[in-house]
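What follows is one structure encoded as structure tokens, with my remarks underneath.
The values are calculated or read from the model by the stated rules, or taken from the named source; none is laboratory data. Everything numeric here is computed off the predicted structure, so don't read it as measured data. Virtual Cβ from ideal backbone geometry, glycine too; neighbours counted across all protein chains shown. Surface areas here come from the heavy atoms of the whole protein model, side chains and all, with no ligands, DNA or RNA. Shrake-Rupley method; radii C 1.70, N 1.55, O 1.52, S 1.80 Å.
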Amino acid sequence: MSLLEVKNLTTRFNLLEHQLIAVEDISFSLEENEILAVVGESGCGKSVTALSLMKLIESPGEIDPQSQVLFQGQDILSLSDEKLQKIRGSEIAMIFQEPAASFNPLFPLGSQIAEALKIHRGTAKEEALKTAEHLLDQVRIAEANRRVKDYPFQLSGGMLQRAMTALAISCEPQILLADEPTTALDVTVQAQIINLLKEQVRRYNMSMIFVTHDLELIDGFADNLMLLYAGRIFEKSSSVDFFKKPLHPYGEDLMKAIPRMGLFKDEIELFTIKGQVPPSHRRPVGCTYAPRCNKCFKRCTQEEPPLFNIGERQVRCWLYNKEDQK
Amino acid sequence: MNSPKNTPLNKIDPSNNTAPQQGDPLLVVKDLIKHYPLKASGFSFSKEKVHALNGISFTVNRGEILGLVGESGCGKTTTGRSLLRMIEPDSGQVYFNRTSQEILDFEKKKEDFNSLIKPSNSEIKKFSNAEERINFRAFPKKEMRKERLKLQYIFQDPYQSLNPKQQIGRIITEAPVEHGHIKSNQWESTALKYLDLVGLPREALHKYPHEFSGGQRQRINIARAVALQPEFIVCDEPVSSLDVSIQSQILNLLLDIQKELGTAYLFIAHNLSVVFYLCDKVAVMYAGNMVEEAPSRELYNNPRHPYTELLMAAAPKIDGKPLENPPGLEGEVPSLIQLPRGCAFQARCPLAIDKCKEERPQLKELSPNHRVACFRAHE
């Protein structure tokens, strides 16, 4: 049994003018000690996927009743709020994009980390503060004994993201859900945080779902990746295979559109993907990428492709339809 | 479309009959300094300052793209804005569209003036008159208003830099009409011309900014900047808020415009890969100082400042390898309020020696076109 199994996750937002389908029919599983990257451009539904796993979708959003998120065999989506609280932050912890917005500005860092321990583990106040200090030290915040009493505004963005990591691992969760944890940070700080996350995931034998828009970050970091486009899974693959050769034309195009370190304009013209992501209420018939795809053929504009299995990998593209090849 | 026939500078200085030639630099910046005073709060008077720029010098040639990279707070944006005097720098010289000879002459005058122990009032007046004619930073307001038309700015956030109540066509042509480049009844045809240039549909003319996506808005921003036919554009992180697929569209558009119109750019960014790809020359900044500058291929192949090496090593790459843990990665940028005495990077630097703690290294030429501010690189 997988640690986490997501089956047919669909999340909709019922807006006044139209219905926005943020993610549609997403299924995947997360094994123990696995780092899974969820990657895609803005509006592809990667954050909504992460939030849906914790049932953190509020009205007008709604998770389709058919969807299932099985954590150790138990469906998270059908749990009562009370039972959910016991899992959130304790068994599954989250790290968000904006570290400054994830802490309460009115309380010192230490007491915010200790609070999680008090609630989930019933640790006594004094001891919880000690543990908080130890955790801050572990995420390499210098002078942790002093920093424990600092308020969030006294720390830089990078330091806060370290503190956020300390808070997330405080209850030794089984799954860490990181939603673009380094997007607001500088490259050197980003590298610090990525190295730190990797170290802590190993240390506590955690699994991690890492949501990002940055393909370059995933390479050499995540075990597997899931490429989303307009709310759909386009490709699921091990990251080694993906970076060797993406199956889906969208993945291929993305790889060609990224300026690589050491490429110069006089050698190569950067590939441009024409057009833009279709808005969710005006998605084209057939494959959602078809209008931008240069491998598009007739069937792509008529019928939406299912996910085809190619060995261990999965891809949503008619090019891989085995019946056609016969 | 009319373009201004005479530069206002020619009007001021009739002796200037040597117009800048192709080989002359377009923009020369010398020792630009900006220290922001910290706001005094309550009853306390604060004399503390944020040392945003501590003497920046660089040159941009005609049609050239200079990339400016560094992490947040290193002074990239302050540099860009100081050039257009959207922020008034404290001191320094900005020469725009001047012959090398003129610059040399004035630099000499300045040196002579500075060597005066107690200049008389007439000497001060004479010098400031001379400075008002050549140093962009000292131009009188009225001249500045005209001259600034040749320098434009593209802002980072396409959602905040367009007036939501103005139609796209008006946004693009407001400045050219205001400054008499085109007649007010020509605005539609001019706007259409620039919509075509940046690849936006012609229907955009009468639409409003909210009807466009981030990438399209950045195209509108580019059209607005280009419509004044500037010789120089400061692009302040124009692609950092855009998705990869849109980013490459905008980068290629900027290159096409540069080829077509011969515009020079100062391209500010934090993404080294983008800067290496797009720019002819790259300058790296750290804590308000320029630490290294070289042609992009040279800098990529032969980075000499430890901070440049750190930035390159820390950038994520598609190479199948995990992110590196280069020396100096841990640690943070020093406080810009109390900069350390010597080199600002010394606390994180794997190569630091005692001299680095005492003295600030100056940007010096290592080989032609490659300048580094590091004692160890010059050993």
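Charges were assigned to the Cβ only: +1 to each Lys and Arg, -1 to each Asp and Glu. The resulting dipole of segment A:176-268 about its Cα centre is roughly 260 debye. Counting Cβ atoms of other protein chains within 10 Å of each residue's Cβ and taking the mean over peptide B:273-285 gives 3.
Highest mean first, the peptides A:71-83, A:4-16 sorted by other C-beta atoms within 10 Å per residue fall in the order A:4-16, A:71-83. Each listed q (0.06, 0.09, 0.11, 0.12 Å⁻¹) maps to a log10 I(q)/I(0) for the protein assembly as shown from the Debye sum over equal C-alpha point scatterers, namely -0.41, -0.91, -1.28, -1.44. Taking every residue in A:178-191 and counting other chain Cβ atoms within 10 Å of its Cβ, the average works out to 5. Heavy-atom accessible area for B:E365, with the other protein chains in place and a 1.4 Å probe, reaches approximately 120 Å².
The antiparallel fraction among DSSP beta bridges confined to chain A stands at about 60%.
Normalised by the number of residues in segment B:305-379, the average gap of Cα pairs under 8 Å and 6 or more apart makes the relative contact order 25 percent. Taking every DSSP helix (H) stretch of at least 4 residues in the protein assembly as shown, weighting each as -39,500 (n - 2.57) and dividing the sum by the residue count yields a mean residue ellipticity at 222 nm of -9500 deg cm²/dmol. Taking the Cα centre of the protein assembly as shown as reference, the dipole from Cβ charges on Lys and Arg (+1) and Asp and Glu (-1) amounts to some 1800 debye. Of the beta bridges in chain B, as assigned by DSSP with both residues counted there, near 60 percent are antiparallel.
Whole number please: convex hull volume per residue of the Cα set in segment A:43-105, in Å³?
Convex hull of Cα atoms, per residue: 126 Å³.
Hey, for a label at B:Q167 modelled as a point 7 Å past Cα toward Cβ, could you say which residues of segment B:186-200 have their backbone N under 12 Å away? Output list for this probe position: B:187-189, B:191-192.
The calculated FRET efficiency for B:M144 paired with A:E172, based on their beta-carbon distance and R0 = 51 Å, is about 0.25. Carbon-plus-sulfur accessible fraction, the protein assembly as shown (probe radius 1.4 Å, protein heavy atoms only): 49%.
Summed over the residues of segment B:305-379 and divided among them, the accessible surface reaches 53 Å² per residue at a probe radius of 1.4 Å.
Residue by residue, segment B:83-94 carries 3J(HN,Hα) couplings of 4, 8, 6, 6, 10, 7, x, 6, 7, x, 10, 10 Hz when phi is fed to the Karplus relation 6.51 cos²θ - 1.76 cosθ + 1.60 (θ = phi - 60°); x denotes Gly or Pro.
Reported to the nearest whole Å, the Cα centre-to-centre distance from segment B:66-101 to segment B:250-305 is 15.
When the inverse distances between all different Cα atoms of segment B:296-346 are averaged and flipped, the Kirkwood radius reads 12.9 angstrom. The spacing between segment A:138-162 and segment A:197-264, judged by their C-alpha centroids, is 30 Å. What is segment B:220-294's relative contact order, in percent, from Cα pairs under 8 angstrom and six or more apart in sequence? Reported relative contact order: 28 percent.
For the pair B and A, the buried accessible area comes to roughly 3900 Å² in total, with a 1.4 Å probe and the value rounded to the nearest 100. Mean partner shielding of peptide B:305-315, defined as the number of other chain Cβ atoms within 10 Å of each residue Cβ, is 3. The spread of Cα positions in segment B:305-379, taken along each principal axis and listed from longest to shortest, comes to 41, 33, 21 Å.
The base-10 log of I(q)/I(0) for chain A, evaluated at q = 0.10 Å⁻¹, reads -0.63 [Debye formula, identical scatterers on Cα atoms, solvent excluded]. Applying 1/(1 + (r/R0)^6) with r as the Cβ-Cβ distance of A:E126 and B:K321 and R0 = 45 angstrom yields a FRET efficiency of 0.50.
Burial annotation for segment B:233-251: residues with an accessible-area loss of at least 30 Å² between the isolated chain and the complete set of protein chains, computed on heavy atoms with a 1.4 Å probe, are B:D243, B:V244, B:S245, B:S248, B:Q249.
Applying a DSSP loop filter and a limit of 10 other Cβ atoms within 10 Å to the chymotrypsin sites (Phe, Trp or Tyr not before Pro) in segment B:82-175 leaves nothing. Roughly how many Å² is the accessible area per residue of segment A:14-130, as a whole number, for a 1.4 Å probe? Averaged over the residues of segment A:14-130, the accessible area is 51 Å².
Its relative contact order, with pairs defined as Cα atoms under 8 Å and 6+ residues apart, puts chain B at 19 percent.
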